[in-house]
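Shown next, in structure tokens, is the structure this report addresses.
Where a number appears in this text, it was derived from the coordinates with a stated rule and is not lab data. Bear in mind that the values here come from a model prediction, so they are computed numbers and not experimental data. For neighbour counting, all protein chains shown are included, and Cβ atoms are generated from backbone atoms with ideal geometry for every residue, glycine included.
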Amino acid sequence: MQDLGSLGGVGSEAFDVSADGSVVVGDAPDASGQTRAFRWTAAGGMKSLSTIYAGSIGSGSYFAFANAISADGGHVAGYGYNQRARRYEAFSTN
């Protein structure tokens, strides 16, 4: 068993893992209690997808849940909030 850590809140949950087990995705509450999607690697630990992709998602938008990852660990699918459209939407990263 591997402790993946947290994003500053209480707990975390994993939903998928890459084929070789090196990348895990899921969600966790941040320090303010807001649920955020994460990507975990042994080298980098748990990182919020909203932080990783901050430059491309726009202010006020965030990734809430990461539900799946590709076999090679390069693509994550889930859903989050799009501030520009003012709605929750599915997403896929690359």
TODO: Quick one: among 81, 62, 53, which has the greatest mean-square fluctuation in a GNM of the chain with alpha-carbon springs under 10 angstrom?
DONE: 53
- [ ] Return the single residue from 43, 31, 71 with maximal mean-square fluctuation; model: Gaussian network over the chain, springs between Cα atoms under 10 Å.
- [x] 43
Open item on the list: Rounded to the nearest 20 debye, what is the charge dipole size of the range 1-56 about its Cα centre when +1 sits on each Lys and Arg Cβ and -1 on each Asp and Glu Cβ?
Closed with: 180
Open item on the list: What's the magnitude of the charge dipole for the chain around its Cα centre, counting Lys and Arg as +1 and Asp and Glu as -1 at the beta-carbon? Answer in Debye, nearest 20.
Closed with: 440
Task: Whole-number percent relative contact order across the chain, with pairs defined as alpha carbons under 8 Å at least 6 apart - done: 23
Task: residue 83/residue 41 FRET efficiency (R0 35 Å; Cβ-Cβ; nearest 0.05) - done: 0.80
Open item on the list: I'm spelling it out carefully: the read-out is mean projected area of the Cα convex hull in nm², the candidates are [x] 7.7; [y] 9.0; [z] 5.8, and one was derived from this structure. Which label?
Closed with: [z]
